[in-house]
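Structure, as structure tokens:
The values are calculated or read from the model by the stated rules, or taken from the named source; none is laboratory data. Given the structure is predicted, the values throughout are model-derived calculations rather than measurements. Cβ: placed from backbone, ideal geometry, glycine included. Neighbour counts: every protein chain shown. Remember, those area values only see protein heavy atoms, side chains included, never the ligands or the DNA or RNA. Shrake-Rupley method; radii C 1.70, N 1.55, O 1.52, S 1.80 Å.
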Amino acid sequence: SYYILLTHSSSSVLTTIRSRCQVVRFLPLSQKDLRQITKCEPWIAEAAQGSVELAEALMSEDSEQMREQAFRVWQLFLEGQFLDCLQLAKELAANKEQSLLVIRFWQQLIRDARVYSLGRERLIHQDYTDLAGNLSQLDVNLNQLGEGVLKLEGEVSGNLDRSLSFENYFYEIQSAVR
């Protein structure tokens, strides 16, 4: 008999089972293949990183609204509307799954800001080029923003208070900008 186990991480499989397995690694789908399978927009194919499941999730209306709201937080921050930024960020921290999606969008936006600052054109969220450009000109190290959002992801994944974690992230950024 043969059993086929699929996992994103081989470390999630018990050692006693893993030792009896033949590991076969699959590369992520190309953006072209992903777009052909899912009929998604280019930014979704880039953001999904070869995952059909993630591409389909990002194509939902809820995900699109979440993306708009996630980027709205940064627009408010950059416009100096800090309290509105915090309020919206706290609203986006309503549940763990939603919070992790927002964090993923922020990671991609910070990546886009880095790419923009280097003068390259291959942004994930090309429809938010202006926001990436404005973020790249913020008087703070983009690596610091990226490290902060990775810390935030760890806190949310570790079941710390999401609302307080989101709030703390923006307070840290605000104090770094000053």
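Only one residue of ILE4, ALA89, VAL52 has its Cα farthest out toward the positive end of the dipole of the range 1-96, where Lys and Arg carry +1 and Asp and Glu -1 on Cβ, and that residue is ILE4. Across the range 132-137, coupling constants 3J(HN,Hα) worked out from phi with the 6.51/-1.76/1.60 Karplus curve, θ = phi - 60°, read 4, x, 5, 5, 5, 8 Hz, and Gly and Pro carry x.
Exposed loop sites here are GluC sites (Glu not before Pro) assigned a DSSP state other than H, G, I, E or B and surrounded by at most 16 other beta carbons within 10 Å; excluding them, the longest clear run of the chain is 1-78.
Which value, in debye to the nearest 20, gives the size of the charge dipole of the range 1-108 about its Cα centre, when Lys and Arg are +1 and Asp and Glu are -1 at the Cβ?
Computed charge dipole of the range 1-108: roughly 680 debye.
Ligands, DNA and RNA left out, the 1.4 Å accessible surface of the chain is 49% carbon and sulfur atoms.
In this simple spin-label model, placing a label point 7 Å from the Cα along the Cα-to-Cβ direction at both GLN69 and GLU121 gives a separation of 3.5 nm. Loop-located trypsin sites (Lys or Arg not before Pro) across the range 119-151 with a Cβ neighbour count of 13 or fewer within 10 Å are ARG120, ARG122, with loop assigned by DSSP.
Treating r as the C-beta distance of ASP139 and GLN87 and R0 as 30 Å, the FRET efficiency rounds to 0.80.
Distance between the pseudo-spin-label points of THR16 and LEU150 (7 Å out from Cα toward the beta carbon): 3.5 nm. For a straight C-alpha distance cut-off of 17 angstrom, the lysines reachable from LYS151 (same-chain residues fewer than eight places away being disregarded) are LYS90, LYS96. Computed from phi, the 3J(HN,Hα) profile of the range 22-28 under the Karplus parametrisation 6.51, -1.76, 1.60 (θ = phi - 60°) reads 9, 8, 10, 9, 10, 6, x Hz, with x in place of Gly and Pro. Our compactness index for the range 125-178, the C-alpha radius of gyration over the empirical 2.2 N^0.38 Å, is 1.25. Remark: C-alpha extents of the range 1-147 on the principal axes read 63, 31, 31 Å, sorted largest to smallest.
Solvent-accessible surface of the range 5-160, averaged per residue with a 1.4 angstrom probe and all protein chains in place: 62 square angstrom.
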